[in-house]
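K.L.:
Could you have a look at this structure, given as structure tokens, before my questions?
The values are calculated or read from the model by the stated rules, or taken from the named source; none is laboratory data. Here the structure is a predicted model, which is why all the values come from computation and not from measurement. Glycine gets a Cβ as well: all are built from the backbone with ideal geometry, and neighbour counts include every protein chain shown.
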Amino acid sequence: MNDHPALQYRITPRLPSAHLFEVQCTVAHPDPAGQRVSLPAWTPGSYLIRDFARHVVRLSASSRERPVSVSKLDKDTWRCAPCEGPLVIRCEVYAWDRSVRGAHLDDTHGFFNGTSVFLMVHGQTDRACRVEILPPAGDAVRRWRVGTAMTRDGAAPYGFGTYRADNYEELADHPVEMGEFALATFEAGGVPHDIVLTGRHHADLDRLRADLHTLCSHHIGFFGAPPPMDRYVFLITAVGEGYGGLEHRASTSLLCSRNDLPRPREKGVSDGYRTFLGLASHEYFHTWNVKRITPHVFRPYDLEREAYTRLLWAFEGITSYYDTLALVRSGLISPESYLDLLGQTITRLLRSGGRLKQTLEESSFDAWIKFYKPDENTPNAVVSYYTKGALVALALDLTIRRDTRGARSLDDVMRALWERHGKTRVGVPEDGVERLAHEVSGLDLRLFFDRALRSTDELALDELLSHFGIRSTLRPAESATDKGGKPAGKPESALAERPVLGVRLGEDGHEAALTHVLEGGAAQMAGLAAGDLIVAVDGIRATRANLDALIGRLTVGATIRLHAFRRDELMEFTATLQPPPADTCVLALRGDVDDATRARLEAWVRGGPAASW
């Protein structure tokens, strides 16, 4: 804490039915030349300019109960006229963003990230902040509680009242949930952890608590106890359909389908629950990798403009590699289930034509204008630094393990990053991950990184996986919903005869609306475009439900007549159906695995030292 007067904030769910928070900021000693304030343009962990100021409905200022004039300087900055102080700034913020990034308020609950509601006071962002969180009016909300990792400063546990943060960056990094929620607690690494679960659900809280305890304990053991926070909170919102997460220094906001949560008396790990556990694992790993092991350009965060880095492949991709690896290492899923997930990741990469056009470093750097702004051409032009980044992390890990004969691994590189940059809070330079990998492994990895990060060459995963006893095979997809990872239910010869149009459809409604037309596919060659609405195939009505079947009844090389609406114009196209690409990956343990290979596999998947080489 510093010696300057703390900035005083107050936030009230003033009108939940209209989705309006009232936020007040009191500045004891405003800038004599006129105090400037602004809302951030983006939030850490989500690399897109979101212009949170667009949700400000009105803003006013006063000092000693007299109005102070306010002028708008740009899209998210205001200037209050000079005054002696204290300066009180009030604004109304519209909160109807049902995601993990913004703010949401209605009669059932309230949620906000600090970046979407709390004004930055220019010149004073390093000062301590005190925040009074007030409840909405009325008896209907008398059972509302507060879930947050922010430090209490007079507020009762899970209660409304006063909280504090050492500076604005910390204030903005503690999301808040208010409402009626299920609560479960556990301790991992000597630190209390809360599960705050909002939304209608029938989750088995005891199992959720036990599994998250197992997962968190694993991650803490990976980097070394104690964990770098005094308390941690999982803020989970269950909805009908949804998926997303955002990391914070001592908490995470998770959005999930209620059907993905474990149900009472449910045995095993369903695909949906495995997806949820992977999401929780990903965001918890970020407690170390990105919240404390951080790119140099994020020290400190400049929330008014883009912060460009070529390292998102490491901070998101490496995290994506370890999020599922942690599930098998901690015993939450089987090795076979892990290979299923890994096969799905490889499949996603192979189905991205953008991998042949955009390098991983370019993907990281251009996240602000490409990855977070997907459009109809994204699959043809963009590669995901999550997906390819995870596979580069896999390749790097297996390469180090193979070439050092098990003496070193990516685990050692991550722990070195934690000691060198996480604990010291020294930002990672743009070449820092590469240099540390060279140093820790003792290998010359320059060619590896040049190919993996700065070229569009395919990753040499087959050879690496084979060295660890894993056979990789590719086959055509069984259907549009085939994610890969599992063996096909039909002979591969039958799959190869299944014709494809080369399109992706929207997931809503009954109409066969094209969201993406894949490059080089039959639809693109015929002249179809994203946004077109296919209504008939050879004179037979087409819908989202039956288009795949209509095409599947035909043969590769067949010429078909398609009718489609483009905007309000009916158009006719002639397409020649193509064979399906072998872009669906299945991984399995090789049948000829010897003891040495099995030991290498165990050391990798289980995370321990190799018993024999």
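K.L.:
Being modelled with pLDDT under 95 and either closer than 28 Å to Tyr301 by Cβ or assigned to a loop (DSSP other than H, G, I, E, B) (or both) is the filter; apply it to the stretch 137-156 and report the residue that is nearest to the chain's Cα centre (by Cα).
P.N.:
Step by step, filter the stretch 137-156, then rank; the result is Arg143.
K.L.:
Select, from Ile540, Ile534, the only residue that is buried (at least 20 other Cβ atoms within 10 Å of the Cβ), in contact with a helix residue (DSSP H, G or I) (Cβ under 7 Å, 6 or more places away or on another chain) and free of Cβ contacts under 8 Å to residues at least 60 places away in the same chain.
P.N.:
So the residue among Ile540, Ile534 that is buried (at least 20 other Cβ atoms within 10 Å of the Cβ), in contact with a helix residue (DSSP H, G or I) (Cβ under 7 Å, 6 or more places away or on another chain) and free of Cβ contacts under 8 Å to residues at least 60 places away in the same chain is Ile534.
K.L.:
When you scan the stretch 256-275, do you find a residue that is within 19 Å of Tyr386 (Cα to Cα) and touching an Asp or Glu at 6+ places or on another chain (Cβ under 6 Å), even just one?
P.N.:
Yes, there is a match, as at least one residue in the stretch 256-275 is within 19 Å of Tyr386 (Cα to Cα) and touching an Asp or Glu at 6+ places or on another chain (Cβ under 6 Å).
K.L.:
For the stretch 479-514, which positions are part of a strand (DSSP E or B) and among the charged types (D, E, K, R)?
P.N.:
If the condition is that a residue be part of a strand (DSSP E or B) and among the charged types (D, E, K, R), then Arg504 is the only one that fits.
K.L.:
Would you be able to tell me the number of residues in the stretch 330-343 that are farther than 13 Å from Leu601 by Cβ, in a helix (DSSP H, G or I) and either in contact with a His (Cβ under 9 Å, 6 or more places away or on another chain) or acidic (Asp, Glu) (or both)?
P.N.:
So the answer is 1.
K.L.:
Let me ask something else about it. For the stretch 380-395, which residues satisfy the criterion of being buried (at least 19 other Cβ atoms within 10 Å of the Cβ) and over 21 Å from His296 (Cβ atoms)?
P.N.:
Across the stretch 380-395, the qualifying residues are Val382, Val383, Ser384, Tyr386, Thr387, Lys388, Ala390, Leu391, Leu394, Ala395.
K.L.:
Looking at the stretch 3-102, what strands (runs of 3 or more DSSP E) fall wholly within it and have at least 2 residues that are over 32 Å from the mean Cα position of the chain (by Cα) and farther than 30 Å from Glu316 by Cβ?
P.N.:
20-27, 35-38, 56-63, 66-68, 70-74, 77-80, 87-94
K.L.:
On to the next question. Could you check the stretch 514-531 and list, in sequence order, the residues that are within 19 Å of Asp568 (Cα to Cα), out of contact with any Ser or Thr (no Cβ under 7 Å at 6 or more places or on another chain) and surrounded by fewer than 20 Cβ atoms within 10 Å (Cβ to Cβ)?
P.N.:
Hits for the stretch 514-531 are Thr515, Gly527, Ala529, Gly531.
K.L.:
Now, a different point. When you go through (1) free of Cβ contacts under 8 Å to residues at least 12 places away in the same chain; (2) touching a strand residue (DSSP E or B) at 6+ places or on another chain (Cβ under 8 Å); (3) of a type in the set (Gly, Ala, Ser) one by one for Ser270, which number turns out not to apply?
P.N.:
(2)
The rows are residues; the columns are (1) within 36 Å of the chain's Cα centre (by Cα); (2) outside any loop (DSSP other than H, G, I, E, B); (3) closer than 21 Å to Thr481 by Cβ.
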residue: His516; (1), (2), (3): yes, yes, yes
residue: Ile534; (1), (2), (3): yes, yes, yes
residue: Asp548; (1), (2), (3): yes, yes, yes
residue: Thr555; (1), (2), (3): no, no, no
residue: Glu572; (1), (2), (3): no, yes, no
residue: Pro581; (1), (2), (3): yes, no, yes
residue: Ala588; (1), (2), (3): yes, yes, no
residue: Asp592; (1), (2), (3): no, no, no
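K.L.:
Of the numbered conditions (1) buried (at least 21 other Cβ atoms within 10 Å of the Cβ); (2) over 23 Å from Leu39 (Cβ atoms); (3) touching a residue at least 24 places away in the same chain (Cβ under 8 Å), Cys256 fails exactly one; give the number of that condition.
P.N.:
If we test Cys256 against (1) buried (at least 21 other Cβ atoms within 10 Å of the Cβ); (2) over 23 Å from Leu39 (Cβ atoms); (3) touching a residue at least 24 places away in the same chain (Cβ under 8 Å), just (3) comes out false.
K.L.:
Only residues that are in a loop (DSSP other than H, G, I, E, B), touching a helix residue (DSSP H, G or I) at 6+ places or on another chain (Cβ under 6 Å) and in contact (Cβ under 8 Å) with a residue 24 or more places away in the chain: list them for the stretch 453-478, please.
P.N.:
Selection gives Thr456, Leu459, Phe468, Gly469, Pro476.
K.L.:
Is it the case that some residue within the stretch 35-56 is surrounded by fewer than 15 Cβ atoms within 10 Å (Cβ to Cβ) and over 30 Å from Val290 (Cβ atoms)?
P.N.:
No, the stretch 35-56 contains no residue that is surrounded by fewer than 15 Cβ atoms within 10 Å (Cβ to Cβ) and over 30 Å from Val290 (Cβ atoms).
K.L.:
Still on this model: Go through the stretch 431-444 and count every residue that is surrounded by 18 or more Cβ atoms within 10 Å (Cβ to Cβ) and either more than 14 Å from Ile400 (Cβ to Cβ) or of a type in the set (A, V, I, L, M, F, W, C) (or both).
P.N.:
Number satisfying all stated conditions: 5.
K.L.:
Moving to a separate point now. What's the number of the only condition in (1) touching a residue at least 24 places away in the same chain (Cβ under 8 Å); (2) under 26 Å from Ala28 (Cβ atoms) that Arg64 fails to meet?
P.N.:
(1)
K.L.:
What are the residues in the stretch 202-239 that are in contact with a strand residue (DSSP E or B) (Cβ under 7 Å, 6 or more places away or on another chain) and either at pLDDT below 95 or in a helix (DSSP H, G or I) (or both), if any?
P.N.:
Once the filter is applied, which keeps residues that are in contact with a strand residue (DSSP E or B) (Cβ under 7 Å, 6 or more places away or on another chain) and either at pLDDT below 95 or in a helix (DSSP H, G or I) (or both), the stretch 202-239 yields Leu205, Leu208, Arg209, Leu212, His213, Cys216, Ser217, Ile220.
Here's the yes/no breakdown for (1) loosely packed, with under 15 Cβ neighbours inside 10 Å; (2) of a type in the set (Ser, Thr, Tyr):
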site: Leu212; (1), (2): no, no
site: Ser217; (1), (2): no, yes
site: Ile220; (1), (2): no, no
site: Ala225; (1), (2): yes, no
site: Tyr232; (1), (2): no, yes
site: Gly245; (1), (2): no, no
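K.L.:
Also, quick follow-up: Exactly one condition in (1) in contact with a Leu (Cβ under 6 Å, 6 or more places away or on another chain); (2) surrounded by fewer than 24 Cβ atoms within 10 Å (Cβ to Cβ) is not met by Pro264; state its number.
P.N.:
Going through the list (1) in contact with a Leu (Cβ under 6 Å, 6 or more places away or on another chain); (2) surrounded by fewer than 24 Cβ atoms within 10 Å (Cβ to Cβ), Pro264 breaks only (1).
K.L.:
Is it true that Lys267 is of a type in the set (Lys, Arg), more than 17 Å from the chain's Cα centre (by Cα) and not in a helix (DSSP H, G or I)?
P.N.:
It is true that Lys267 is of a type in the set (Lys, Arg), more than 17 Å from the chain's Cα centre (by Cα) and not in a helix (DSSP H, G or I).
K.L.:
Might you let me know whether the stretch 556-563 holds any residue that is touching an Asp or Glu at 6+ places or on another chain (Cβ under 6 Å) and either crowded, with 17+ Cβ neighbours inside 10 Å or closer than 14 Å to Arg471 by Cα (or both)?
P.N.:
Within the stretch 556-563, one or more residues are touching an Asp or Glu at 6+ places or on another chain (Cβ under 6 Å) and either crowded, with 17+ Cβ neighbours inside 10 Å or closer than 14 Å to Arg471 by Cα (or both).
K.L.:
Sticking with this structure for a sec: Working carefully through the options Glu478, Glu497, find the one that is in contact with a Pro (Cβ under 9 Å, 6 or more places away or on another chain) and modelled with pLDDT under 95.
P.N.:
Selected residue: Glu497, the only one of Glu478, Glu497 that is in contact with a Pro (Cβ under 9 Å, 6 or more places away or on another chain) and modelled with pLDDT under 95.
K.L.:
Right, another one. What are the residues in the stretch 557-568 that are outside any loop (DSSP other than H, G, I, E, B) and within 39 Å of the chain's Cα centre (by Cα), if any?
P.N.:
Within the stretch 557-568, Leu562, His563, Ala564, Phe565, Arg566 qualify.
K.L.:
Can you say whether Ala529 is modelled with pLDDT of 95 or more and not in a loop (DSSP other than H, G, I, E, B), as far as the supplied structure shows?
P.N.:
no
K.L.:
Give me the pairs, please: first residue somewhere in the stretch 396-408 and on the phi > 0 side of the Ramachandran plot, second residue anywhere and crowded, with 21+ Cβ neighbours inside 10 Å and charged (D, E, K, R), beta-carbon distance under 7 Å, and either six or more positions apart or on two chains.
P.N.:
Pairs found: Gly406/Arg600.
K.L.:
Can you report the number of residues in the stretch 158-188 which are out of contact with any Gly (no Cβ under 9 Å at 6 or more places or on another chain), part of a loop (DSSP other than H, G, I, E, B) and either hydrophobic (A, V, I, L, M, F, W, C) or crowded, with 17+ Cβ neighbours inside 10 Å (or both)?
P.N.:
2
K.L.:
Could we say that Phe276 is in a helix (DSSP H, G or I), out of contact with any helix residue (DSSP H, G or I) (no Cβ under 7 Å at 6 or more places or on another chain) and without any contact (Cβ under 8 Å) to a residue 40 or more places away in the chain here?
P.N.:
No, not satisfied.
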